[in-house]
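A.B. asks: Got a structure for you, written out below as structure tokens; questions coming shortly.
The values are calculated or read from the model by the stated rules, or taken from the named source; none is laboratory data. Fair warning: this is a prediction, and the values are worked out from it, not measured in the lab. Backbone-built Cβ (ideal geometry, glycine too); neighbour counts: all protein chains shown.
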């Protein structure tokens, strides 16, 4: 590689690391807000926030790797055009062909890495994410409910006025059974269990309210001690969803949803290469004009490309489109556009090197 190619490749790596880091921090922040809300609402225990945060961020970073590579390329090339560095490279016979070659030197290993992650790492990550989330829901107990807050769970609502560990005071429990609501209040209580996979509250000095059958009014009963099963959160332990299946299982399955998932996984490395190919034409701008226009054009192009891919993938999964040719016409259209723009770029004559200046001095 020439000095310029090494310089260009280094700038690409630095900007790629910066873009991936920023996107990862943004994703982690957004996911952390969501998970914190779940913990505050009593849906998740606090100890599963960190593993879910790491797994969710990894998933998003891998899925957006094509956009990160494209954005890094546009940032670097846009700066070269803005600061006239690209014209200095043209003057030493470094043309568009070497720029495309350097982009592919970065894109080829990135595409292989994305392919490996999509086929082998992310399915396992999705399984772990689902397992941790569902097992965390099963472990939710009264200790996770803050005083003065309602906790919504499948089948009922729980409210605790005060709590100290497993001991609670001022308990309100509303449960819907057979289409009817029943309400219990208790002055104090204590969590028991789990036993048989369920937890319950042992309530003391409370009352039970239930609508009377066949007539208006309520039936009110008092009790000194009564045990109430805590509503069990609905969970989904199925690990055969398409995003959790292995490559071999997807390849052998004829189901449209599995075919769509396989094509989506293959689309990530393919789109990474295509977006890098088209990033050079999109990044061209006049000197000292700024980089906002190339950035806007690249973001709009990525949004259109990714949304069309997602739309076609969804139609394949629902059976409205056949699995063959599937999403490949979308990639083919972007490839044709990229090759057309590259051909125009390569056929354009390079800027000539500046002619050497004549020596100065007085004529003899």
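A.B. asks: It is to be established whether one or more residues within the stretch 202-216 are at pLDDT below 75, within 30 Å of residue 127 (Cβ to Cβ), in contact with a strand residue (DSSP E or B) (Cβ under 6 Å, 6 or more places away or on another chain) and not in a strand (DSSP E or B).
C.D. replies: No: zero hits.
A.B. asks: Taking residue 44 as the residue in question, decide whether it is farther than 21 Å from residue 283 by Cβ, at pLDDT below 80 and either more than 27 Å from the chain's Cα centre (by Cα) or not in a helix (DSSP H, G or I) (or both).
C.D. replies: It is true that residue 44 is farther than 21 Å from residue 283 by Cβ, at pLDDT below 80 and either more than 27 Å from the chain's Cα centre (by Cα) or not in a helix (DSSP H, G or I) (or both).
A.B. asks: Condition (residue is within 31 Å of the chain's Cα centre (by Cα), under 21 Å from residue 102 (Cβ atoms) and at pLDDT 85 or above) applied to the stretch 321-336: is it met by at least one residue?
C.D. replies: The answer is yes, given that some residue of the stretch 321-336 is within 31 Å of the chain's Cα centre (by Cα), under 21 Å from residue 102 (Cβ atoms) and at pLDDT 85 or above.
A.B. asks: May I pose another question? Working carefully through the options 6, 30, find the one that is modelled with pLDDT of 90 or more and surrounded by fewer than 16 Cβ atoms within 10 Å (Cβ to Cβ).
C.D. replies: Exactly one of 6, 30 is modelled with pLDDT of 90 or more and surrounded by fewer than 16 Cβ atoms within 10 Å (Cβ to Cβ), namely 30.
A.B. asks: Here's a follow-up. Which residue is surrounded by the most Cβ atoms within 10 Å (Cβ to Cβ), if the candidates are limited to the stretch 313-327 and must be part of a loop (DSSP other than H, G, I, E, B) and touching a helix residue (DSSP H, G or I) at 6+ places or on another chain (Cβ under 6 Å)?
C.D. replies: 327
A.B. asks: I've got another one for you. Which of the residues belonging to the stretch 292-312 are at pLDDT below 80 and surrounded by fewer than 17 Cβ atoms within 10 Å (Cβ to Cβ)?
C.D. replies: As a first pass, look at the stretch 292-312 and keep what is at pLDDT below 80: 292-294.
Passing the criteria: 292, 293.
A.B. asks: Here's something else I'd like to know. Test residue 197 against the stated conditions and say whether it is more than 22 Å from residue 44 (Cβ to Cβ) and either surrounded by 15 or more Cβ atoms within 10 Å (Cβ to Cβ) or modelled with pLDDT under 70 (or both).
C.D. replies: Values: more than 22 Å from residue 44 (Cβ to Cβ): no; either surrounded by 15 or more Cβ atoms within 10 Å (Cβ to Cβ) or modelled with pLDDT under 70 (or both): yes.
Judged against the criteria, residue 197 is not a match.
A.B. asks: Among the helices (runs of 4 or more DSSP H) lying completely within the stretch 73-191, list those that include at least 1 residues that are at pLDDT below 80, surrounded by 17 or more Cβ atoms within 10 Å (Cβ to Cβ) and more than 27 Å from the chain's Cα centre (by Cα). Step through it out loud before you land on a result.
C.D. replies: On the way: elements: 85-91, 96-116, 122-138.
In the stretch 73-191, the matching helices (runs of 4 or more DSSP H) lie at 85-91, 96-116.
A.B. asks: Taking only pairs six or more apart or across chains, which ones have beta-carbon atoms under 6 Å, a first residue in the stretch 296-323 that is more than 26 Å from residue 281 (Cα to Cα), and a second residue that is at pLDDT below 85?
C.D. replies: Partner pairs satisfying both residue conditions: 315/321; 316/323; 316/326.
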